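**Student:** So that we are looking at the same thing, I have put the structure below in structure tokens.
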Amino acid sequence: MRYFLKTFGCQQNVADSERIASFYESRGFVAASSEEEADVIVINTCVVRERAAEKVFGLIRNLAPLKEKNPRLTFVITGCLIGAASREPSGKMMKALRARLPEVQFLPLEEVGFEYRPKRAAGKVAFIPISNGCNNYCTYCIVPFSRGKERSRAFSDIVDEVREAVSSGRNEIFLLGQNVNSYGSDFLLDTLSKKNELFRLPDGKEVKPVFVKHLNRHRIPTLFPHLLEAVATIPGVSKVSFISSNPWDFSDELIATMARYETIDRLIHLPVQAGSDAVLKRMNRWYSRDEYLALIGKIRATLPEARFTTDIIVGFPGESIEDFEATVDLARRVNFEKAYIAWYSPRPGTAASKFLDDVPYEEKTRRRKELDMIVNGNRHNNIDK
Ligand code: SF4
């Protein structure tokens with residue numbers, strides 16, 4: 001039996017697909033080089049963009065004629081669409097999916113655990129997920145619904161996977177997580193809830209799980225700097241990158257760790273989303289524009305060679321011209337190397353989907369174009385169509 005895997009969305013989905021491939025191969029399937037040759041077509045979905053479900057329906061409709069040549073052809077959908085549907089409390093989303101796709105199988109990602117070692121594409125880079133899900137609930141974002149609560153992988157499991165990747169010829173490591181730099185805070189919270197005083201790392205170091213005030217919020221310090229250090233010092237690793245960081249978990253300890261190891265990438269992706277305090281507040285981002293700018297300044301003071309990329313949403317509900325201008329101003333001050341700019345559109349189930357979506361479509365696209373011109377020189381290679 002042959003499988004064909006089609007992947008939509010972010011790098012995390014690409015990494016998940018490497019495990020999905022191994023999941024099928026462990027069951028005796030071999031990879032097909034095209035949809036036409038496959039007995040199973042697996043679609044790994046993304047719900048970050050609009051009309052995700054419609055795109056999947058359209059794809060299955062287009063591929064359905066292949067069943068005439070191969071009656072045993074099966075479609076499987078997996079990834080964020082299934083995650084979002086299975087976590088939607090009313091059950092309506094799942095019911096609607098099942099009604100619309102009665103002959104399609106659904107594969108929840110939870111069934112494809114980390115015990116499946118990834119079938120990596122050729123190249124020098126290994127993408128390694130270190131956590132999955134998110135607890136932050138930014139009001140526009142569907143990830144906490146599609147991927148669920150944040151769960152960190154075992155520290156030693158990640159380090160072992162990096163070693164394996166190096167031994168198979170990869171020397172560039174990309175650590176992935178929706179909130180990559182909060183890695184391990186779930187372990188520390190668990191330690192704290194059991195009233196234990198110390199959390200022990202695999203190398204014997206002990207970490208005290210206490211709350212600290214960071215960017216105006218109480219956060220538990222994360223294990224990410226320790227993990228980064230462990231990965232950066234593995235012989236054979238020439239570069240370690242990580243994505244996506246959140247400003248509120250970008251601690252002094254993390255900056256100091258980066259400064260100690262030249263193998264840690266100085267190109268930092270630090271999503272800002274907006275440059276107006278009022279919009280940041282409505283987005284439930286946990287920082288002000290001044291705090292974000294101060295963080296950039298702090299990182300540059302320690303790492304003068306640091307460069308930054310970011311994500312920005314324009315046309316968020318209630319975003320006035322002044323709010324937008326504040327975002328433009330912030331982007332100019334930081335001088336981002338690149339910004340991934342999206343115009344706002346509501347995602348079902350999110351808090352912002354209940355806000356009045358009051359910036360007209362034409363104005364959203366105008367703002368996106370203007371910002372793109374300013375930040376990216378209007379290369380148009382980074383914006384959603
Ligand atoms: Fe979504 Fe990132 Fe906010 Fe989590 S931190 S809710 S993944 S935007």
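The values are calculated or read from the model by the stated rules, or taken from the named source; none is laboratory data. Just so we're clear, the structure is a prediction, and the values are computed from it rather than from any experiment. Neighbour counts are summed over all protein chains in view; Cβ atoms, including those assigned to glycine, are modelled from backbone coordinates with ideal geometry.
**Student:** For the stretch 247-305, enumerate the residues that are touching a residue at least 40 places away in the same chain (Cβ under 8 Å), outside any helix (DSSP H, G or I), surrounded by fewer than 16 Cβ atoms within 10 Å (Cβ to Cβ) and among the charged types (D, E, K, R).
**Tutor:** Across the stretch 247-305, the qualifying residue is only Arg266.
**Student:** Output the qualifying pairs, or none if there are none: Cβ atoms under 6 angstrom, residues six or more apart or on different chains, first residue in the stretch 1-25 and within 13 Å of Gly79 (Cβ to Cβ), second residue part of a helix (DSSP H, G or I).
**Tutor:** Close Cβ pairs satisfying both conditions: Leu5/Ser17; Leu5/Ala21; Thr7/Asn13; Thr7/Val14; Thr7/Ser17.
**Student:** Within the stretch 145-161, restricting attention to residues that are crowded, with 20+ Cβ neighbours inside 10 Å and modelled with pLDDT of 90 or more, which residue is nearest to the ligand (Cβ to nearest atom)?
**Tutor:** The qualifying residue nearest to the ligand (Cβ to nearest atom) is Glu150.
**Student:** With the requirement that a residue be over 19 Å from Cys10 (Cβ atoms) and either among the charged types (D, E, K, R) or touching a helix residue (DSSP H, G or I) at 6+ places or on another chain (Cβ under 8 Å) (or both), what does the stretch 140-157 give you?
**Tutor:** Phe155, Asp157
**Student:** Any idea which residue in the stretch 266-284 is farthest from the chain's Cα centre (by Cα), counting only those that are under 26 Å from Phe174 (Cα atoms) and away from the ligand (no atom under 16 Å from the Cβ)?
**Tutor:** Arg266
**Student:** Oh, and also: Scan the stretch 224-239 for residues that are within 11 Å of Phe174 (Cα to Cα) and buried (at least 22 other Cβ atoms within 10 Å of the Cβ) and jot them down.
**Tutor:** Leu228, Val231
**Student:** Please work out which one of (1) under 17 Å from Glu150 (Cβ atoms); (2) among the small types (Gly, Ala, Ser); (3) exposed (fewer than 15 other Cβ atoms within 10 Å of the Cβ) is the condition Gly184 fails and give its number.
**Tutor:** Failed condition: (3).
**Student:** So, one more: Only residues that are touching an Asp or Glu at 6+ places or on another chain (Cβ under 6 Å) and either part of a strand (DSSP E or B) or acidic (Asp, Glu) (or both): list them for the stretch 1-40, please.
**Tutor:** Arg2, Phe4
**Student:** If you don't mind, there's one more thing I want to ask. Pick from Phe75, Phe106: which is at pLDDT 90 or above, more than 16 Å from the ligand (Cβ to nearest atom), part of a strand (DSSP E or B) and buried (at least 20 other Cβ atoms within 10 Å of the Cβ)?
**Tutor:** One residue alone meets the criteria, Phe75.
**Student:** Follow-up question, since we're still on this one. Would you tally the residues in the stretch 352-385 being closer than 28 Å to Pro144 by Cβ, modelled with pLDDT under 95 and among the small types (Gly, Ala, Ser)?
**Tutor:** Going through the stretch 352-385 one residue at a time, the tally reaches 1.
**Student:** Inspect all residues belonging to the stretch 271-284 and state whether any of them is out of contact with any strand residue (DSSP E or B) (no Cβ under 9 Å at 6 or more places or on another chain), charged (D, E, K, R) and more than 21 Å from Phe355 (Cα to Cα).
**Tutor:** No; the residues of the stretch 271-284 include none that is out of contact with any strand residue (DSSP E or B) (no Cβ under 9 Å at 6 or more places or on another chain), charged (D, E, K, R) and more than 21 Å from Phe355 (Cα to Cα).
**Student:** Further question: Mind checking which helices (runs of 4 or more DSSP H) fall wholly inside the stretch 140-228 and carry at least 1 residues that are under 24 Å from Ile268 (Cα atoms), under 20 Å from the mean Cα position of the chain (by Cα) and without any contact (Cβ under 8 Å) to a residue 24 or more places away in the chain?
**Tutor:** Output list reads 143-146.
**Student:** Next question. Answer yes or no as to whether Arg333 is within 16 Å of the ligand (Cβ to nearest atom) and under 30 Å from His218 (Cβ atoms).
**Tutor:** No: the conditions fail for Arg333.
**Student:** What tally of residues in the stretch 110-139 results from selecting those that are within 16 Å of the ligand (Cβ to nearest atom) and either in a loop (DSSP other than H, G, I, E, B) or surrounded by fewer than 22 Cβ atoms within 10 Å (Cβ to Cβ) (or both)?
**Tutor:** Matching residues across the stretch 110-139 total 8.
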